[in-house]
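What follows is a set of notes on a single structure, which appears directly below.
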Amino acid sequence: MSRPRYRLLLTLLLALPAAAPAQNLDSLLARMTLEEKLGQLNLLSAGGRASAAQMQLVREGKLGGLFNVIGAENTTPVQRIAVTESRLKIPLLFGLDVIHGYRTIFPIPLGEASSFDPDAAQATARAAGLEAAAAGINWTYAPMVDIARDPRWGRIAEGSGEDTYLGSLMAAARVKGFQETIFATAKHFAGYGAAEAGREYNTTEIAPRTMREVYLPPFKAAVDAGAASLMSAFNDIAGVPSSGSAWLTDTVLRREWGFTGFVVSDWTSVAELINHGVAAGPSEAGRRALTAGVDMDMQSSIYMDSLPALVRANRIPMAVVDSAVMRVLRAKMRLGLFRDPYRARATPPVAETRALARRVARESIVLLKNDRNVLPLNRSTPMIAVIGPLADSKLDALGPWHTQGQPEDVVTVLQGIRSHASAAQILYARGAGIDDSSTAGFAEAVGAARRASVAILVLGEREDMSGEAASRSTLGLPGVQEQLLEAVAATGTPVVLVLMNGHPLILEWAADHVPAIVETWFLGVEAGNAIGDVLFGDANPSGRLPVTIPRSLGQIPLYYNHRNTGRPFEASNKFTSKYLDVPVTPRYPFGYGLSYTTFAYSNLKLSSARARASDTVTATITVANTGSREGTEVVQLYIRDEVASVGRPVRELKAFQRVSLKPSESRTVELRVAVKDLAFYGLDMKPVVEPGRFRVFVGPNSVEGLEASFECIP
Ligand code: BGC
């Protein structure tokens, strides 16, 4: 729908009837039939607009919410049925996967995590929420806060990468941003990112300590930030499906964390308890999920169809149903739906949202390599070859889960380069498709590279090669893109490789032979402008890797915060932890990223050499811009608990700060760490900070930096 029509709709909406005010949800519950109660727990997907059958369910009070209803012109009539034609006039939730933008598409979450800028994540979530709300949506299935240590898993693109601390900050920021207008859903609760072999929907084996320390904290952060809902995951953990785990949804989430919102299942994850082998049929599956604490049944229809009989037969206590219903009703109340069911909102100004998209896209770009300062490019370069299947692709720049993002809104890399180097002659050649096998376009690409003084190759994955159901068993460039890269590089013309991808890629040949590599993930509608800004030096790259980039597939899982083992790697000793055929180190470590300037670290000091568990230790360090351009450094603080009753990771990120410095400027940066945040789960599985020495590293990534230490005293 065009934007002026939204305004017209807004005016119309104001004249619509409101839901019956329900001052007292207890009295509302008391008036509900069993079917009406289970109806509130029933959630179905619409194909853009509600079907006649779904509208009838709404009329009968047998639906608590719908998702995938697109546009206020489609949500409004259904809401009108709910609040005027159904017996109890309870308003509906309208859900949608607004993952990284509604219409204005921002970088994919993994890209945005590269910014190490939770404020940016909050701003884009806020903007996405505003656009979605104007389209009638009141509930998003985001943020995805799954920690992912396996780049084969396609959904790594939707989260914040491998680190729990960064992931928790991003989770909280996104929840806050969305919830300025719509409800957020932290998903997928829990452990979904640990899918074995990176294969989508696969089983997981997560030790209780790892669960508590690595996978659960981002959910806790989302809950603490006020997340209205959580989504139960598809995976099982050692045989216990997350969508039927009372330990997860009841013990941890509600009892330990005090979560008062509601839990929605993932798409048919209630019915899938049958496939998991923990329920013989729909009734058992429904009973297992509901009694575990999964309040809303997405898309299985099992609660609605199979549970009435079980409740009537006293096989599910009415109190269990009532608790779930009350959690959903309270959420609707909290959202203001009883007062204002249509929540008419105007679409925010497009120009502002796009400016935000460009800024965050710039921040999300990671410069991986820049030998001989190939970058930034000179605007007066007379002839530039722009090559590759992603150079002028509008659709792919949107990345996975682009909701209502439209290809026509996208500025491609080719367009971005043209507008930044308007005087240059641009020779564009697609060269090859993303994953076809034809090399027919190589000659033209090689010819263009030969004539030009620099060749920019834009290579990577198709937008649907990451995201859900998009695991890959190899992480090179699909199709013949690697050969295209090598053929172009063989011309001797300097090559700048611009990557667009949702999976972290393993590109050893490029890392060894291509002078400049720019990781852009999928940046959304402003991709071309942001990439142009970076390639031509209007923006100095400041993104840092939120994931480890391996050298070889065989190293996976490879993550920076691993434990030391009893035989840590030693080059001179065969009988240490390593491979015969590949180094143990990654190609690019977590936290890594270059800039067009250089930074020097000096003078690391800790506020005290001894600290109690109740204290805060402040690290100060001088960071200087030693190059000739203004730039932003992400100063990172890691700790290592040297000796504990349980072996601790070799490094753990505990603080970071983005610091912008002019050439020759230096600043004393302060990073604070509360000692209580260094707790781990001890032998008795209770959180503890044990006395002893903590090493502190402050530097530009997870392997470099200066070191100091303090003693934790009882
Ligand atoms: C995905 C969820 C998503 C849901 C609704 C599922 O297949 O796993 O992340 O929110 O579909 O679209």
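The values are calculated or read from the model by the stated rules, or taken from the named source; none is laboratory data. For clarity, every value in this text was computed on a predicted model and none was experimentally measured. Because the Cβ atoms are built from the backbone with ideal geometry, glycine has one as well, and the counts that use them run over all protein chains shown. The accessibility values were calculated without ligands, DNA or RNA, using every heavy atom of the protein model including side chains. Shrake-Rupley method; radii C 1.70, N 1.55, O 1.52, S 1.80 Å.
A few remarks follow.
- Top-ranked residue in segment 354-367 [being within 16 Å of Gly101 (Cα to Cα) and open to solvent by less than 10 Å² (accessible area, probe 1.4 Å); ranked as nearest to the chain's Cα centre (by Cα)]: Ser364
- Here segment 135-155 is the region considered, the condition is being touching a His at 6+ places or on another chain (Cβ under 9 Å) and assigned to a loop (DSSP other than H, G, I, E, B), and the residue that is nearest to the ligand (Cβ to nearest atom) is Ala142.
- Taking the criterion of being in contact with a Gly (Cβ under 7 Å, 6 or more places away or on another chain) and closer than 20 Å to Glu468 by Cα, the residues of segment 109-124 that qualify are Pro109, Leu110, Ala113.
- Every residue from segment 256-302 that is within 25 Å of Met333 (Cα to Cα), assigned to a helix (DSSP H, G or I) and of a type in the set (Ser, Thr, Tyr): Thr291
- One residue stands out in segment 331-353 among those that are over 24 Å from Arg103 (Cα atoms) and hydrophobic (A, V, I, L, M, F, W, C): the one that is most open to solvent (accessible area, probe 1.4 Å), namely Met333.
- Residue list for segment 156-186, filter: away from the ligand (no atom under 15 Å from the Cβ) and of a type in the set (Phe, Trp, Tyr): Tyr165
- Within segment 214-255, being in a strand (DSSP E or B) and either without any contact (Cβ under 8 Å) to a residue 40 or more places away in the chain or touching a Lys or Arg at 6+ places or on another chain (Cβ under 6 Å) (or both) holds for Met231, Val240, Pro241.
- So Val547, is it open to solvent by less than 40 Å² (accessible area, probe 1.4 Å) and either more than 24 Å from Ala194 (Cα to Cα) or among the hydrophobic types (A, V, I, L, M, F, W, C) (or both): yes
- When residues of segment 425-449 are limited to those that are among the charged types (D, E, K, R) and under 18 Å from Met500 (Cα atoms), the one most open to solvent (accessible area, probe 1.4 Å): Arg430
- Looking only at segment 63-122, and only at residues there that are at positive phi and either open to solvent by 10 Å² or more (accessible area, probe 1.4 Å) or without any contact (Cβ under 8 Å) to a residue 40 or more places away in the chain (or both), the one that is farthest from the chain's Cα centre (by Cα): Lys89
- Residues satisfying the stated conditions in segment 578-607, i.e. of a type in the set (Val, Ile, Thr) and open to solvent by 40 Å² or more (accessible area, probe 1.4 Å): Val584, Thr585, Thr598
- Pair list, Cβ < 8 Å and 6+ apart or interchain, from segment 411-439 residues that are under 16 Å from Arg451 (Cβ atoms) to residues that are surrounded by fewer than 21 Cβ atoms within 10 Å (Cβ to Cβ) and among the charged types (D, E, K, R): Ala421/Arg379; Ala424/Arg379; Ile426/Arg418; Leu427/Arg451; Tyr428/Asp392; Ala429/Glu444; Gly431/Glu444
- Evaluation of Asn202 against the conditions (1) away from the ligand (no atom under 14 Å from the Cβ); (2) open to solvent by 10 Å² or more (accessible area, probe 1.4 Å) shows that the sole unmet condition is (1).
- Some residue of segment 23-32 being at pLDDT below 95 and either surrounded by fewer than 20 Cβ atoms within 10 Å (Cβ to Cβ) or out of contact with any Pro (no Cβ under 7 Å at 6 or more places or on another chain) (or both): yes
- Taken together, Ser419, Ser393, Ser364 contain a single residue that is in contact with a Gly (Cβ under 9 Å, 6 or more places away or on another chain), closer than 30 Å to Tyr141 by Cα, at pLDDT 95 or above and small (Gly, Ala, Ser), which is Ser364.
- Among the residues making up segment 260-299, those that are in contact with a strand residue (DSSP E or B) (Cβ under 7 Å, 6 or more places away or on another chain), within 19 Å of Ala46 (Cα to Cα) and small (Gly, Ala, Ser) are Ser265, Ser269.
- Within segment 76-106, the set of residues being more than 16 Å from the ligand (Cβ to nearest atom), out of contact with any helix residue (DSSP H, G or I) (no Cβ under 9 Å at 6 or more places or on another chain) and not charged (D, E, K, R) comprises Val83, Thr84.
- Answer residue from segment 613-643, given it is of a type in the set (A, V, I, L, M, F, W, C) and over 31 Å from the mean Cα position of the chain (by Cα) and is nearest to Asp533 (Cα to Cα) among those: Ala624
- Tally of residues being of a type outside the set (A, V, I, L, M), under 23 Å from Asn68 (Cα atoms) and either open to solvent by 20 Å² or more (accessible area, probe 1.4 Å) or within 16 Å of the ligand (Cβ to nearest atom) (or both) across segment 268-314: 9
- Residue count, segment 368-389 (criterion: among the small types (Gly, Ala, Ser) and either closer than 30 Å to Phe183 by Cα or buried (at least 16 other Cβ atoms within 10 Å of the Cβ) (or both)): 2
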